[in-house]
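The next block holds one structure in the form of structure tokens; read it before the comments.
Taken together, the values in this text are just the output of simple stated rules run on the coordinates, not laboratory data. What you are looking at is a predicted structure, and each value in this text was computed from that prediction instead of being measured. In this analysis, Cβ positions are derived from the backbone assuming ideal geometry, glycine residues included, and neighbour counts consider all displayed protein chains.
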Amino acid sequence: MAGTFSQIYIQCVFAVKGRKNLIHKTWKEEVYKYMAGIIKNKGQKPIIINGVEDHVHLFVGLKPSMALSDLMRDVKNNTTNFINENNWVPEKFSWQEGFGAFSYSHSHIDKVYQYILNQEIHHQKKTFKEEYMELLDKFEIPFEERFLFEWI
């Protein structure tokens, strides 16, 4: 869109279906690079992608020409296929439905980047459920716990 100028930074969070610990350290970087490629091919800006065994955080610069839900659908569908085609897990891999999305100002980029970079350290002290609930509370997003991710 000519004449459109924007600054939209979004952190997206989504989990493995059933919150299973299926994302393995030996191939997770390859999946993150694949995700970054999908985001770039959609004309968006991947800032950082990281996570742990049961979930992923993506921090993206989003242009208004792309609906966030479409981008997340494409990232999740394509990485599901990529993981399954590589037979990295003994069962059929899939992501849970939905995702969390949290917006930030330009002044918060470095703080969010560091937070996502240090996910493994962060999750030595806090579970994904605790982290996710805190994000929802911090951003004052109303929710009913029964509609959140499937907790095992």
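Write out, first by first residue and then by second, each pair whose Cβ atoms fall under 6 Å of each other, whose residues are 6+ apart or on separate chains, and whose first residue, in the stretch 18-30, is among the aliphatic types (A, V, I, L, M) while the second is not in a loop (DSSP other than H, G, I, E, B).
So the pair list comes out as LEU22/VAL16.
So the check is Cβ under 8 Å with 6+ separation or different chains; which pairs have a first residue in the stretch 120-144 that's touching a residue at least 12 places away in the same chain (Cβ under 8 Å) and a second one that's part of a helix (DSSP H, G or I) and acidic (Asp, Glu)?
Pairs found: HIS123/GLU131.
Consider the stretch 67-82. How many of its residues are surrounded by 15 or more Cβ atoms within 10 Å (Cβ to Cβ) and either over 15 Å from GLY37 (Cα atoms) or under 14 Å from the mean Cα position of the chain (by Cα) (or both)?
Number of matching residues: 9.
Could you please give the count of residues in the stretch 33-73 that are touching a residue at least 24 places away in the same chain (Cβ under 8 Å), touching a strand residue (DSSP E or B) at 6+ places or on another chain (Cβ under 7 Å) and under 21 Å from SER94 (Cβ atoms)?
Within the stretch 33-73, residues that are touching a residue at least 24 places away in the same chain (Cβ under 8 Å), touching a strand residue (DSSP E or B) at 6+ places or on another chain (Cβ under 7 Å) and under 21 Å from SER94 (Cβ atoms) number 12.
Just give me the residues in the stretch 127-138 being more than 14 Å from the chain's Cα centre (by Cα) and surrounded by 12 or more Cβ atoms within 10 Å (Cβ to Cβ), in sequence order.
THR127, LYS129, MET133, LEU136
When you go through (1) under 23 Å from SER6 (Cα atoms); (2) of a type outside the set (A, V, I, L, M, F, W, C); (3) in contact with a strand residue (DSSP E or B) (Cβ under 7 Å, 6 or more places away or on another chain) one by one for LYS76, which number turns out not to apply?
Single failed check for LYS76: (1).
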